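Each value in this text was obtained by applying a stated rule to the coordinates, not by laboratory testing. No experiment lies behind these values; they were computed from the predicted model shown. Here the Cβ positions follow ideal geometry from the backbone for every residue, glycine too, while neighbour counts run over all protein chains shown.
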Amino acid sequence: MSDVLILAIESSCDETAASVVKNGREVLSNVIFSQIDLHTVYGGVVPEIASRKHIEKIDHVVNQALEQAGVTWSDIEAIAVTYGPGLVGALLVGVSYAKSLAWALKKPLVGVHHIEGHICANYIENKELEPPFMCLVVSGGHSHLVKVADYGVYEILGRTRDDAAGEAFDKVARAIGLGYPGGPKIDKVSYEGDPLAIDFPRAKVADNEYDFSFSGLKSAVLNYLNSMEMKGEKISQADVAASFQQAVVDVLVSHSITALAEYKFDKFAIAGGVASNSHLRDAFVKACDEKGIKFYKPSPIFCTDNAAMIGVAGYYEYMKGMRSGWDLNAVPNLKLGER
């Protein structure tokens, strides 16, 4: 059987990315143009700026991916692209570019779900990992606890009811003066703080023990800051960061470990931007080790938005016979498992 090379494109938020993936597991190139510096001054991603920058960079990024992989257009068997969820303008740039390429080159087009891509990032460095397993996807827009029954077959056990974990990190980081992006900055400064200094709440959702809610935690942090300010007391940025982060980590770990026990899984993976948080990774290493569960985590470069993960997901969809038509469109609120 000949090798299957997938060219993948990702533009769901503020990274313009392209990758060439071989046989669903080997990354030949992974090019990412990050816009973080552009958006930092605004304290978050500005959709219009993101879309315009994607338009400027996408052609260069795609060609760079081919060059790094040492392949030509004729070597590519199919083109995969993120079509949701994400920022609609940003998604449209990638989808339009991918459709044009596929049409001009007469190559099959495969639309990929962004969250499925994050889950599939675990296959890149863990060649032995195969479904079924459980995966926690934690990012700026999503907190999902997912049963991965097979390639492309998912069941969501829990999801966020309000703020996603990454969104809460960004908002709290802004409130304590760390700025954007919040996740890496809180992770770093928390090493200087006491995670038990402030007793922030760990929310539980009454009608689904696996759902997440972080808006109450975010409000508790803001109330604490306001209270300290009104009393004229000194605020320890590091203690607030460490205590907030510990509350998030505790909830993510406890929900996951409980679900693993109930559904009798012995394999667990994490994915998404927040999955690169060092405290979260360490907590899961410890918890899974205690329970005898095999733990998988992508390298940080594959936790952030990237096209390699889209290429992996695209490969498995392609091999199952999934093809997208020329009517493929950006779907900003696309649910996992939807088509």
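Please work out whether the stretch 23-166 counts as rounded, prolate or oblate from its C-alpha gyration tensor, where a ≥ b ≥ c are the square roots of the eigenvalues and a/c under 1.5 means rounded, while otherwise a/b larger than b/c means prolate and anything else oblate?
Details: a/c = 1.83, a/b = 1.11, b/c = 1.65.
Here the stretch 23-166 falls in the oblate category.
Using only DSSP helix segments of four residues or longer, with each worth -39500 (n - 2.57), what per-residue ellipticity at 222 nm results for the chain after dividing by its residue count and rounding to 500? Don't jump to the answer; show the numbers that get you there.
Working: 12 runs with 149 residues, N = 339.
Taking each H run of at least 4 residues, the total per residue is -14000 deg cm²/dmol.
Give Lys127/Lys291; Lys22/Lys147; Lys22/Lys107 a once-over and call out the pairs whose C-alpha atoms are over 21 Å from each other.
Numbers: Lys127/Lys291 23 Å; Lys22/Lys147 26 Å; Lys22/Lys107 16 Å.
From Lys127/Lys291; Lys22/Lys147; Lys22/Lys107, over 21 Å: Lys127/Lys291; Lys22/Lys147.
Using every pair of alpha-carbon atoms in the chain, split the distances into 20 Å bins beginning at 0 and state the percent of pairs per bin, rounded to integers.
Answer for the chain: a P(r) of 32, 56, 12, 0 percent.
In the stretch 277-339, which GluC sites (Glu not before Pro) fall in coil by DSSP and have 13 or fewer other Cβ atoms within 10 Å? Walk me through the numbers on the way to the answer.
Values: sites: Glu290, Glu317, Glu338; in loops: Glu338.
Loop-located and lightly packed - Glu338.
To check my understanding: the extent here is largest minus smallest coordinate of the Cα atoms along each principal axis. What are those three numbers for the stretch 1-106, in Å, largest first?
Cα extents, longest axis first: 50, 23, 21 Å.
Take the Cα radius of gyration of the stretch 132-297 and divide it by 2.2 N^0.38 Å, with N its residue count; two decimals is plenty. Intermediate results must be reported in sequence, preceding the final value.
Details: Rg = 16.0 Å, N = 166, 2.2 N^0.38 = 15.3 Å.
Dividing the Cα radius of gyration by 2.2 N^0.38 Å gives 1.04.
Measure nothing but the geometry: give the 0 to 90° angle between the long axis through the Cα atoms of 47-69 and the longest principal axis through the Cα atoms of the chain, rounded to 10°.
50 degrees
Quick one: dipole size for the chain, taken about the Cα centre, charges +1 on Lys/Arg Cβ and -1 on Asp/Glu Cβ, in debye to the nearest 20. Show your work: numbers first, answer last.
Values: 32 positive and 42 negative charges, 64 e Å.
In debye, rounded to 20, the chain gives about 300.
Would you please put 74-80, 93-99, 256-262 in order of how densely packed they are, using the mean number of other Cβ atoms within 10 angstrom per residue and starting with the highest? Present the calculation step by step, with values, prior to reporting the outcome.
Numbers: 74-80: 19.7, 93-99: 23.3, 256-262: 16.9.
Put in order of decreasing packing, that is 93-99, 74-80, 256-262.
Would you mind telling me the antiparallel percentage of the DSSP bridges in the stretch 132-297, rounded to 5? Provide the component values of the computation, followed by the final result.
Values: 12 of 20 bridges.
Percentage antiparallel, nearest 5: 60.
With axes computed from alpha carbons, what is the tilt in degrees of helix 88-105 against the longest principal axis of the chain, rounded to the nearest 10 within 0 to 90?
For 88-105 against the chain, the angle is about 20 degrees.
Highest mean first, what order results for 271-277, 114-120, 179-185 on Cβ atoms within 10 Å? Could you put the intermediate results ahead of the total?
On the way: 271-277: 26.6, 114-120: 28.6, 179-185: 19.7.
Ranking the peptides 271-277, 114-120, 179-185 by packing returns 114-120, 271-277, 179-185.
Where nothing but the Cβ of Lys and Arg (+1) and of Asp and Glu (-1) is charged, how large is the charge dipole of the stretch 132-297 around its Cα centre, in debye to the nearest 20? List each step's numbers first, then the result.
Working: 19 positive and 22 negative charges, 51 e Å.
I would put it at about 240 debye.
Given 10 Å bins starting at zero, what is the percent of C-alpha pairs of the stretch 24-79 in each, up to the one with the largest pair distance?
Whole-percent P(r) values from 0 Å outward: 20, 41, 26, 13, 1.
I'd like the antiparallel share, as a percent to the nearest 5, of DSSP beta bridges with both residues in the chain. Mind dumping the intermediate values first?
On the way: 26 of 43 bridges.
So the antiparallel bridges in the chain amount to around 60 percent.
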